[in-house]
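Q: To start, I am sharing the structure in question, which I have written as structure tokens.
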Amino acid sequence: MAGTVKVTRNGYNKLVLRKKEFFDQLKKVQGKKGEAAEVGGNVWHDNFAFEELGRQEMMLNKKIADVSLQINSAEIVQHPVNDQLLQIGHIAVFEFDDGEERKYEIAGFGESDLSINPPKVEYLAPVVKKFIGTEINTSFKVEIGGKIRGITLIEILRKEA
């Protein structure tokens with residue numbers, strides 16, 4: 001991961017919590033690994049449980065390293081102060097080339113939630129990325145799901161408190 005990632009304060013707190021959860025999982029795996037070595041005999045040779053726990057330990061160490069990098073490269077963004085340019089925290093209203101209108105709340109890195117209305121979409125998502133920092137009536141051709149779509153930013157709204 002090169003450069004910084006933009007997150008809200010809430011998103012930053014989620015990253016820190018995720019790192020703690022990975023550390024907690026790692027402690028459990030390491031505890032089980034010692035038990036598997038004793039019970040499985042011969043410490044490591046032909047001991048599937050021990051080998052599997054070793055793989056889990058490596059995966060968790062990788063996840064901890066990845067989330068640590070995200071935390072270290074995080075730039076915490078505040079609520080938008082300029083409603084003329086699209087930013088994280090705004091609700092964007094887009095018009096697609098077929099006339100359909102869609103609203104998305106612009107979210108920080110790792111903060112997407114498509115189950116709410118309007119859906120939260122990460123600022124790096126293809127449908128949003130080109131529009132960050134642009135004003136109303138800006139249009140782009142964007143590849144979504146393997147298709148090129150014409151999209152126009154038609155409105156920038158503040159999220160209701």
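The values are calculated or read from the model by the stated rules, or taken from the named source; none is laboratory data. All values derive from a computational prediction rather than experimental measurement. Backbone-built Cβ (ideal geometry, glycine too); neighbour counts: all protein chains shown. Only protein heavy atoms, including side chains, enter the accessible area calculation; ligands, DNA and RNA are left aside. Shrake-Rupley method; radii C 1.70, N 1.55, O 1.52, S 1.80 Å.
Q: How many residues does the range 114-161 contain that are open to solvent by less than 30 Å² (accessible area, probe 1.4 Å) and part of a helix (DSSP H, G or I)?
A: 2
Q: Quick check on this structure: which one of LYS33, LYS28, LYS20 is open to solvent by 90 Å² or more (accessible area, probe 1.4 Å) and farther than 26 Å from LYS6 by Cβ?
A: LYS28
Q: Which numbered condition in (1) more than 22 Å from the chain's Cα centre (by Cα); (2) free of Cβ contacts under 8 Å to residues at least 40 places away in the same chain; (3) open to solvent by 80 Å² or more (accessible area, probe 1.4 Å) is the only one that ASN72 fails?
A: Checking ASN72 against (1) more than 22 Å from the chain's Cα centre (by Cα); (2) free of Cβ contacts under 8 Å to residues at least 40 places away in the same chain; (3) open to solvent by 80 Å² or more (accessible area, probe 1.4 Å), the one that fails is (1).
Q: Quick one: which of VAL16, VAL39 is farther than 24 Å from ALA125 by Cβ and in a helix (DSSP H, G or I)?
A: Residue meeting the stated conditions: VAL39.
Q: While we're here: Which one of the conditions (1) open to solvent by less than 80 Å² (accessible area, probe 1.4 Å); (2) at pLDDT below 95; (3) of a type in the set (Val, Ile, Thr) does VAL39 fail to meet, given that it meets all the rest?
A: (1) is the only condition that VAL39 fails.
Q: Do we find that GLU52 is open to solvent by 30 Å² or more (accessible area, probe 1.4 Å), of a type outside the set (Lys, Arg) and modelled with pLDDT of 95 or more in this structure?
A: Judged against the criteria, GLU52 is not a match.
Q: If you go through the range 94-107 one residue at a time, do you hit one that is under 23 Å from the mean Cα position of the chain (by Cα), surrounded by fewer than 13 Cβ atoms within 10 Å (Cβ to Cβ) and without any contact (Cβ under 8 Å) to a residue 60 or more places away in the chain?
A: The answer is no; no qualifying residue exists.
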